[in-house]
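Participant: Just passing along the structure, written as structure tokens.
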Amino acid sequence: MRKCVCDTQNIEGLSHWYEKGLFLLKENSIIKKKLYMAERLYIFDTTLRDGEQVPGCQLNTVEKIEVAKAIESLGVDVIEAGFPISSPGDFKSVEEISKAVSLPVICALTRSVQKDIDVAFDALKYAKLKRIHTGIGTSDYHIQYKFNSNQEEIMQRAVAAVKYAKRYVEDVEFYCEDAGRTDNVYLARIVEAVIKAGATVVNIPDTTGYCLPTEYAEKINFLMENVNGIHNAIISTHCHNDLGMATANTMAGIMSGARQVEVTINGIGERAGNTALEEIVMTLRSHKELGVDTNINSKNISSVSRIVSNLMNMPIQANKAIVGRNAFAHSSGIHQDGVLKNIKTYEIIDPKDVGIDDNSIELTARSGRAALKYHLQSLGIELSQEKLDKVYEGFLKVADSKKYVTDDDLLMLAGKDRVDTHRIKLDYLYVTSGVGVDPKATIGLDIAGEKFEAESSGDGPVDAAINALKKIVNKKMVLQEFLIQAITKGSDDVGKVHMRVEYNGNVYSGFAANTDIVAASVSAYIDALNKFPD
Ligand code: KIV
Ligand code: ZN
């Protein structure tokens, strides 16, 4: 482990040092009389770039801003907001996120191409703190097959791109795409060259998720030991999860001296995804002896995870580390017995540390706007007074019909006005179904201000309602995936529905949440319809 060591024989007044970020090192279970300063690890969140590249996860600009603000509330250091040259939508999103978010550095991705860099800088013009992330493929696969080039030419393009980006911004990050499969000697040469050209951060992506943790650790160690000037830049990890080793590889990188990690919320990202932010943050908090820590406000992890899952149509698997529904559920008799005797027998993380707090102040119909605002803030949602008033109206209705208003109810209420911008809106829905009754539905839609009504039967209430909807929206569309997430607490709780609908050869995702599961299903279908291009 590369770290800053503060040697001392004096461990009195430990809590004072502890608060200052100094940790005791435990070795072979014996507490050594040494204090280690926790080194800072920078968190670079790429949920809105690498995560958003995933089919079905695309967001519109309003949704991207919502996600960006939630991620900002976690205390990340850098938000990669998009790849501006790739589309006018991406350009606009980087521009709007730059206006809406002020604490983290806003980063834009480019290839090693001057036009990309020009456009990225233009998109970043409103950002308080800006970074250009440029790079090129460095493995033989990329050099030969993607670029039909050679190592020397790629090196020249890399150096030229960094120098060009430096004309615009001081903070330039360089990525060596497919570094995981790049020969270490060539990788060291290119890293040295881009640092000399002015790169402040150098990213070593395991683009294909191929590396073993030992291999990735060796790669970073090799760079640390063989690159002149390595300490003039921060080395960054960027690991994909194709073999399920993204978190292990990222930890291996940290333990070899990388001090920035590129991560996404819930590990979303290309193919099997990227390293999950929450896993790295909580691994470091659980292993203080590593002496590395982040600035993340871990209490917001659970709510930000839900916001991202809902908006990006990516359900979280129940057994997902840290944020899965079962992550803190002890179900076997032996485990429950142990936990009742002492929670530490089977629990290494206090669920409260990631924002799961069953004993928090409950919201009821008697709660005021201040309590609502406080709860929304703790979920990472900041609202204007006008929007808060609107959400409060909805909150009172929900609170009248339920004993307690849950975090999921609040997330649903706060996201409701997204529906106001939809071209197709659900006006009303009547459904009859039950045992011995033929399911029938009548639906009312508002399409760009015009009202339509249709009725139909079906193989169940959801099928009947969707059949009725199809009579109004006469398009060749096929429901490909329909996922209802389990209700966790009571029968009056919110059900979440994710749907994927195929239309004209493309797949569009929709999401909705409602205490009425049929209404949630139809709304999710309509959410997907609103993403059709025509
Ligand atoms: O996985 C990768 O190599 C990337 C780069 C573009 C940073 O996402
Ligand atoms: Zn990537």
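The values are calculated or read from the model by the stated rules, or taken from the named source; none is laboratory data. The model shown is predicted, which means the values in this text are computed figures rather than measured ones. FYI the Cβ positions are ideal-geometry reconstructions off the backbone, even for glycines, and counts take in every protein chain you see. Areas reflect the complete protein model, heavy atoms only, side chains present, ligands, DNA and RNA absent. Shrake-Rupley method; radii C 1.70, N 1.55, O 1.52, S 1.80 Å.
Participant: Which value, in debye to the nearest 20, gives the size of the charge dipole of the chain about its Cα centre, when Lys and Arg are +1 and Asp and Glu are -1 at the Cβ?
Facilitator: Charge dipole of the chain: 700 debye, to the nearest 20.
Participant: To continue, here is another question. For the stretch 133-146, take each phi angle, set θ = phi - 60°, evaluate the Karplus expression 6.51 cos²θ - 1.76 cosθ + 1.60, and give the result in whole Hz per residue in order, putting x for glycine and proline.
Facilitator: 10, 10, x, 7, x, 10, 7, 4, 4, 6, 4, 7, 8, 7
Participant: Here's something else I'd like to know. Counting only residues 5 or more places away or on other chains, whose amide H sits under 5 Å from the amide H of G137 once H atoms are built in the peptide plane?
Facilitator: E177
Participant: To continue, here is another question. Mind listing the long-range amide H neighbours of T275? Cut-off is under 5 Å, sequence gap 5 or more, other chains count too, H placed in the peptide plane at 1.01 Å from N.
Facilitator: C239, T264
Participant: Across bins of 10 angstrom width beginning at 0, how are the C-alpha pair distances of the chain distributed, in whole percent?
Facilitator: Per 10 Å bin, starting at 0, the Cα pair percentages come out as 4, 16, 25, 25, 17, 9, 3, 0.
Participant: Write down the radius of gyration of the stretch 407-483 and its Dmax, each obtained from C-alpha positions, in Å.
Facilitator: Reported Rg and Dmax, both Å: 14.1, 40.
Participant: Once label points are set 7 Å from the Cα along Cα→Cβ at both R40 and K196, what is their separation, rounded to one decimal in nm?
Facilitator: For the pair R40/K196, the computed spacing is 3.0 nm.
Participant: Taking 0.36 nm per residue of separation and subtracting the Cα-Cα distance, what length does fully extending K163 through D357 add?
Facilitator: Values: separation 194, 0.36 × 194 = 69.84 nm, distance 4.92 nm.
Contour length minus Cα-Cα distance gives 64.9 nm.
Participant: Here is a follow-up. Given a 1.4 angstrom probe, what's the average accessible area per residue across the chain, in square angstrom?
Facilitator: 47
Participant: How much of the accessible area of the chain, in percent, comes from carbon and sulfur atoms when a 1.4 Å probe is used?
Facilitator: With neighbouring chains kept in place, the figure for the chain is 50 percent.
Participant: Students often get this wrong, so check it: of K99/K425; K69/K115; K69/K352; K425/K470, which have C-alpha atoms separated by over 18 Å?
Facilitator: Details: K99/K425 29 Å; K69/K115 29 Å; K69/K352 22 Å; K425/K470 14 Å.
Where the Cα-Cα span goes over 18 Å, the pairs concerned are K99/K425; K69/K115; K69/K352.
Participant: If the limit is 29 Å between Cα atoms, which of K64/K299; K64/K130; K341/K402; K128/K373 go over it? Working shown, then result.
Facilitator: On the way: K64/K299 22 Å; K64/K130 18 Å; K341/K402 34 Å; K128/K373 27 Å.
Long pairs (Cα-Cα over 29 Å): K341/K402.
Participant: Please list 116-123, 87-94, 314-321 highest first by mean number of surrounding beta-carbon atoms within 10 Å per residue.
Facilitator: Result, highest mean first: 116-123, 87-94, 314-321.
Participant: Okay, moving on. Once the cut-off is 17 Å, how many percent of the Cα-Cα pairs in the stretch 393-534 end up in the long-distance tail?
Facilitator: 62
Participant: Here is a follow-up. Which whole-Hz ³J(HN,Hα) couplings does the stretch 149-158 yield from phi under the Karplus relation 6.51 cos²θ - 1.76 cosθ + 1.60, θ = phi - 60°, glycine and proline marked x?
Facilitator: The phi angles translate into 9, 9, 4, 5, 5, 5, 4, 5, 5, 4 Hz.
Participant: While we're looking at this one, here's another question. What is the Cα centroid distance between the stretch 41-85 and the stretch 280-329, reported in whole angstrom?
Facilitator: 16
Participant: Looking at the chain, send over the antiparallel percent of its DSSP beta bridges, to the nearest 5. Display every interim value, and only then the final one.
Facilitator: Working: 44 of 79 bridges.
Antiparallel bridges: around 55 percent, rounded to the nearest 5.
Participant: Something else now. Nearest 500 deg cm²/dmol is fine: what mean residue ellipticity at 222 nm does the chain get from its DSSP H runs of n ≥ 4 alone, each adding -39,500 (n - 2.57), divided by its residue count?
Facilitator: After summing the helix terms and dividing by the residues of the chain, the value is -11000 deg cm²/dmol.
Participant: So what J values fall out for the stretch 193-204 if you push phi through Karplus, 6.51 cos²θ - 1.76 cosθ + 1.60 with θ = phi - 60°, rounded to Hz, Gly and Pro as x?
Facilitator: Values, residue by residue: 5, 6, 5, 4, 6, x, 5, 8, 9, 10, 9, 10 Hz.
Participant: Now for a separate question. In nm, to one decimal, how far is the V437 label point from the I334 one, both placed 7 Å along Cα→Cβ?
Facilitator: Calculated label separation equals 4.8 nm.
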